[in-house]
1. Return the only residue of 27, 52, 86, 20 being under 20 Å from the mean Cα position of the chain (by Cα), surrounded by 15 or more Cβ atoms within 10 Å (Cβ to Cβ) and in the same structural domain as residue 187 (by TED's automatic domain parsing).
2. Return the residues of the stretch 93-144 that are aromatic (Phe, Trp, Tyr) and either assigned by TED's automatic domain parsing to the domain that holds residue 348 or over 23 Å from residue 190 (Cα atoms) (or both); say none if nothing qualifies.
3. Does the stretch 119-130 include one or more residues that are of a type in the set (Ser, Thr, Tyr), outside any loop (DSSP other than H, G, I, E, B) and more than 25 Å from residue 47 (Cβ to Cβ)?
4. What single numbered condition from (1) touching a strand residue (DSSP E or B) at 6+ places or on another chain (Cβ under 6 Å); (2) among the hydroxyl-bearing types (Ser, Thr, Tyr); (3) surrounded by fewer than 18 Cβ atoms within 10 Å (Cβ to Cβ) fails to hold for residue 79?
5. How many residues are on the phi < 0 side of the Ramachandran plot and in a loop (DSSP other than H, G, I, E, B) when one looks only at the stretch 259-284?
6. When residue 298 is evaluated against the numbered criteria (1) in contact with a strand residue (DSSP E or B) (Cβ under 7 Å, 6 or more places away or on another chain); (2) surrounded by 17 or more Cβ atoms within 10 Å (Cβ to Cβ); (3) closer than 28 Å to residue 53 by Cβ, which criterion, by number, is the only one it fails?
7. For the subset of the stretch 100-125 comprising residues that are farther than 17 Å from residue 154 by Cβ and among the hydrophobic types (A, V, I, L, M, F, W, C), which member is farthest from the chain's Cα centre (by Cα)?
8. Could you grab me the full set of residues in the stretch 6-19 that are more than 17 Å from residue 73 (Cβ to Cβ) and either among the hydroxyl-bearing types (Ser, Thr, Tyr) or free of Cβ contacts under 8 Å to residues at least 40 places away in the same chain (or both)?
Amino acid sequence: MKALKYHKEFKLNGISFDSTDDLIAYTRGKYQEIFWFITDWFDNLDFIIVSTSGSKGRPKSVKIKKKHMVNSALATGEYFELIAKTKALLCLSTNFIAGKMMLVRALVLGWDLDIVETKIDPLENITKDYDFSAMVPLQLYHSLGKISHIKKLIVGGGPISKNMLNEIQTVKTEVYATFGMTETVSHIAVKKLNHIVLDGTNSANEIYFNVLPGIEILTDLNGCLVIDSTDISDKVIVTKDLVKIYSDSQFEWLGRFDNIINSGGVKIIPEQVEKKLQEIIFGRFFISSMPDDILGEKLILLIESSSNDSEELGIYKDLISKLKTLGKYEIPKEIFLVDIFQETGTKKIQRQKTLDLLFD
């Protein structure tokens, strides 16, 4: 394969480069993660090795073709109307696909990309405005006071809480949730999260994900999403994501097939219960299960809290008992307060590792 070229309008921290060697030299030592990626990007191989986040277990290495990364960048540019000279901000780690793809979009589309430290409050020292950026939910939460510096923002790596959803309705920034994974070369679908009507019938999870150009979707026999697109993969991608498809280009995400809990013969999707619990729990939490002699599996709720206070547990139990949206089988049998949830490098909650430590 011939080494790739970059767009003539591409800039990094406001600097233009006469050659790939100049770009590589600029990043060496200063941005070591980026240096290694840029070096690989411009070599003669037709693929990049990318590590998954490890949210569902041990991280693994995935081989992704560069042409698929280019196609993904072009699709994002087309969907969001991000042309050459777009001013963009990179605040994600380039060890993972989301950060790598911000670089690829800039290189392919000719963006003016600024780099800031990957931290929970990436806009802390920002004074200029940007057309586009990508964050994880934790970064958005800590950036709400200055988020107006970003015109369009995509958020991935975890769900947006109902509390945060309410807070972003009044900001001028256009905020979008993304759906994707390493194997799909970052996101393949997005849904708008703000400037929408939140009246109980139009909640965030009732706004459909809209697929990007060149993506075809269907479901398998288990109701899991199947992605068919030669633009991003040489083979059909079968996910473990339970979805409801509404049209050729729209779907609703329901939860993970491998998270389904069978409690007394009733199948429960944890993510659907979590959506309802967002009404009363504003911190981080998740639904899981533990063995039960009668039910086989019983529903449990884990809440991130350092108090370990019986009074706090009592308050949560009382609130849950009064939550009318919960079905009979969706009420947790036990609640656990956990000091700190286990996380991946991209700040996703590692459910199984958290459970393992709790019950060790």
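1. Criteria check complete, one pass: 52.
2. Passing the criteria: none in range.
3. yes
4. (1)
5. Qualifying residue count for the region: 9.
6. If we test residue 298 against (1) in contact with a strand residue (DSSP E or B) (Cβ under 7 Å, 6 or more places away or on another chain); (2) surrounded by 17 or more Cβ atoms within 10 Å (Cβ to Cβ); (3) closer than 28 Å to residue 53 by Cβ, just (3) comes out false.
7. Result: 107.
8. Residues satisfying the conditions are 15, 16, 17, 18, 19.
The values are calculated or read from the model by the stated rules, or taken from the named source; none is laboratory data. None of these values were measured; they are calculated from a predicted model. Using ideal geometry, Cβ is built from the backbone for each residue, glycine included, and neighbour counts are taken over all protein chains shown.
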